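Written below as structure tokens is the structure these notes are about.
The values are calculated or read from the model by the stated rules, or taken from the named source; none is laboratory data. Quick caveat, the model's predicted, so the values are computed rather than measured. Please note: Cβ atoms are built from the backbone with ideal geometry, for glycine as well, and neighbour counts cover all protein chains shown. Ligands, DNA and RNA are stripped out before the accessible areas are found, and what is left, the full protein with its side chains, is counted by its heavy atoms. Shrake-Rupley method; radii C 1.70, N 1.55, O 1.52, S 1.80 Å.
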Amino acid sequence: MRFGCCGPIENMPAMRAAGYDYAELRVVDLRPDDDETVYAPIKRQIEDAGLPPEALNVFIPPHHPVVGPDRDLEGLRAYVTTAMGRMRDLGTRLVVFGSGGARSTPPGFDHHLVPGQLQDFLLLAGGIAADHDMDLVIEPLWRDVCDTINTIVEGFVAARQSGHPRVWTLADWFHVFHNDEPLETLAEVAPRLRHIHVPVPPIAGAPEQPTDPGFDEFLDALLATGYDLRMSVEDNGKRFTDFQAQAGPALDYLRARVPAS
């Protein structure tokens, strides 16, 4: 298993010092809507940090809607092409498609059209990902933050229905918990499972979170499927109060519970 941590570029030195294998940065921080003169210093900052950005999230901003009456496939194509070109330039291996603001159904829009629009995007982005030797990973999201592709089973089905070999799904204990999904479904989605997110695990001095009691059970159910790829810590619960001091203990917690590959 390779362990990473989600966060801004500024956190990369602390991630490296803590011992993470990779950083999971934000696509929007690569400024795909801007030209190369804007991107060049960002690229230098990432490279100077000395930690590979193997995965990225926060992929599609709301001003590039994936569903709804204002969707612009050619505009999306241009954005995704630039974004993935920059990611591949940095050595990124996969990009996470959460982007709840871009893929939520606008008020008044026909819900029956949404699945087709999502599939249009998955095929478009999957093709561009293939051109850059990358994978696109669908992130199922908590129903309170998005109304499309909520459960890991729905993520699995969407990835499979795309028919594209570069389109996968992920499981995130934060969203699995809040959607009240049974852990048994991890075995069902395992054939299309390519990435994992976990909230910051229980660490000394941090207040308890609702996801704590089932955290180890989630890890056990995941490992039982044979999963052994990447796992990123994502602070959805806003547990980190001192990232530099707490990033290491979070990683230690995971390494103590996940056998070395």
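Some points to look at:
- Amide H contacts of ARG230 (H built 1.01 Å from N, under 5 Å, at least 5 apart or other chain): ARG2, ILE196
- Note: relative contact order over the chain, using C-alpha pairs below 8 Å and six or more positions apart, is 19 percent.
- At an R0 of 41 angstrom, the distance between the Cβ atoms of ALA130 and ALA204 translates into a FRET efficiency of 0.40.
- In Å², nearest 10: area of VAL258 left accessible to a 1.4 Å probe: 10
- An oblate overall shape is assigned to region 27-72, the ratio a/c of its alpha-carbon gyration tensor axes (a ≥ b ≥ c) being 1.5 or greater and a/b not exceeding b/c.
- Using a probe of 1.4 Å on the protein chains alone, the accessible area found for ASP48 is around 130 Å².
- Taking each residue as 0.36 nm, the span from THR185 to ASP70 lengthens on full extension beyond its C-alpha to C-alpha distance by 37.9 nm.
- Heavy-atom accessible area ranking, 1.4 Å probe, most first, across GLU217, GLU181: GLU217, GLU181
- Rg [Å, one decimal], Dmax [Å, integer] - region 100-177, C-alpha atoms: 12.5, 38
- Placing a pseudo-label 7 Å from each Cα along the Cα-to-Cβ vector at ARG257 and ASP220 gives an inter-label distance of 1.1 nm.
- Positive-end residue of PRO207, TYR79, PRO115, charge dipole of the chain with Cβ unit charges: TYR79
- Surface analysis of the chain yields an accessible area of 42 Å² per residue, using protein heavy atoms and a 1.4 Å probe.
- Rounded to the nearest 20 debye, the dipole magnitude of the chain is 460 debye, with +1 charges on Lys and Arg beta carbons, -1 on Asp and Glu beta carbons, and the Cα centre as origin.
- Between ILE138 and PHE97, TRP168, THR169, LEU170, the built amide H atoms are under 5 Å apart, and every one of these is 5 or more places off in sequence or on another chain.
- On full extension, the segment bounded by ASP144 and GLN119 gains 6.8 nm, given 0.36 nm per residue less the C-alpha separation.
- Principal axis extents of the Cα atoms in region 66-140, from largest to smallest and rounded to whole angstrom, are 41, 25, 17.
- Solvent-accessible area assigned to carbon and sulfur over region 26-174 amounts to 53 percent, based on a 1.4 Å probe.
- Net length gained if the chain between HIS63 and THR81 were fully extended (0.36 nm per residue, minus Cα distance): 4.9 nm
- Selection among ASN236, HIS195, ILE152 by position relative to the dipole of the chain gives HIS195 as farthest towards the positive end (Cβ unit charges, Cα centre).
- Rounded to the nearest whole angstrom, the semi-axes of the ellipsoid equivalent to region 1-149, taken from the Cα gyration tensor as √(5λ), stand at 28, 17, 13, largest first.
- Viscosity 0.890 mPa s, 25 °C: Kirkwood-radius Stokes-Einstein D of the chain over Cα pairs, µm²/s: 132
- A simple packing score, the average count of other Cβ atoms within 10 Å per residue, orders the peptides 161-173, 183-195, 238-250 as 161-173, 183-195, 238-250, with the highest score first.
- Charge dipole (debye, nearest 20) of region 56-139; +1 at Cβ of Lys and Arg, -1 at Cβ of Asp and Glu: 160
- Simple Cβ-charge dipole of region 159-261, Lys/Arg +1 and Asp/Glu -1, about Cα centre, in debye nearest 20: 540
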